[in-house]
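Taken together, the values in this text are just the output of simple stated rules run on the coordinates, not laboratory data. Not measured: the values here are computed from a predicted model. Here the Cβ positions follow ideal geometry from the backbone for every residue, glycine too, while neighbour counts run over all protein chains shown.
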Amino acid sequence: MTAPKTTYTPSAFREMNLERLHEIMATHSFATLIVTQDNVPYISHVPLLLDAKTNCLRGHLARVNPIAKLDLTQPHHAVAIFHGPNAYVSPSWYASKQTTHKVVPTWNYISVHAIGTLTTTSDSYWIQANVAALSDVHEAALGKSWKITDAPANYIALLARAIVGIELHIDSIEGKFKLGQDKKGGDVTGVIEGLREAATSGATPNVSGSTEIADWMARIQNDL
């Protein structure tokens, strides 16, 4: 099933490579979940775990969360927004500034929208398995070894009763990678160098975003 496009994405910035989309969903997994009911938007911020084999996103919410209280006995349309890296781009970094001066500031960024249907579950086994899977992924990234089984089973079971499992069955994924694909080579190189210099010198508080955007710009340029 192909859903209609829901975001403004010029063709130069439209990312169709599923591996790249999944990469952003994995490395920037703290998503904004939006569900509407009776013309009212319900929004929550939640870490989601992608299961690429089943094309699903899984997570959990507090039982008192307004989304968890919606009537989701039937699948509900929803979107999960994954906010990738972003960074301010100074016009002083463009090579063409020295010749035409026809340059202005902009913002480079990556975002991925997963659109589909949302269901919930109160099954304790499902919920505990999701908590375990999420913690395993992030503990591994930290080089730590905490496991859900380290906590008393009755304590985990008690906490599980206070949360609801959510599953977003993905119908379509929209990726917007605004990374200067519409700029000429010298301007792109200048921005990459400017972002990296700003990050290493501490000139920007957005060190990680500037570094990631520079790296992604270099990756995209290599593929053009």
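Quick look at the numbers
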read-out: Positive-pole candidate from 166, 34, 130, dipole of the chain, charges at beta carbon; value: 34
read-out: Point-charge dipole on Cβ atoms (K/R +1, D/E -1) for region 15-61, about Cα centre, debye to 20; value: 120 debye
read-out: Region 95-224 - share of DSSP beta bridges that are antiparallel (%, nearest 5); value: 100 percent
read-out: Principal-axis tilt of helix 207-223 within the chain, Cα atoms, nearest 10 degrees; value: 70 degrees
read-out: Normalised contact order of the chain, rounded percent, pairs of Cα under 8 Å and 6 or more residues apart; value: 25 percent
read-out: Top of 185, 209, 84 by mean-square fluctuation, Gaussian network on the chain, Cα under 10 Å; value: 185
read-out: Once exposed loop chymotrypsin sites (Phe, Trp or Tyr not before Pro) are cut out (DSSP; at most 12 other Cβ, 10 Å), longest piece of the chain; value: 9-145
read-out: Which of 113, 76 has the fewest Cβ neighbours within 10 Å, and the rest in rising order; value: 76, 113
read-out: Listed residues 103, 52, 62: farthest to the positive end of the dipole of the chain (Cβ charges); value: 103
read-out: Residues residue 43 and residue 135, FRET efficiency given R0 of 30 Å [Cβ-Cβ distance, rounded to 0.05]; value: 0.80
read-out: Size of charge dipole - the chain - debye, nearest 20, with Cβ of Lys, Arg +1 and Asp, Glu -1, no other charges; value: 360 debye
read-out: Prolate/oblate/rounded label for region 11-168 (Cα gyration tensor, a/c 1.5); value: prolate
read-out: Listed residues 80, 140, 12, most fluctuating in the chain (Gaussian network, C-alpha, under 10 Å); value: 140
read-out: Proxy reagent accessibility, fewest Cβ within 10 Å first, across 171, 187; value: 171, 187
read-out: Sorted by Cβ density within 10 Å, fewest first, the residues 21, 159; value: 159, 21
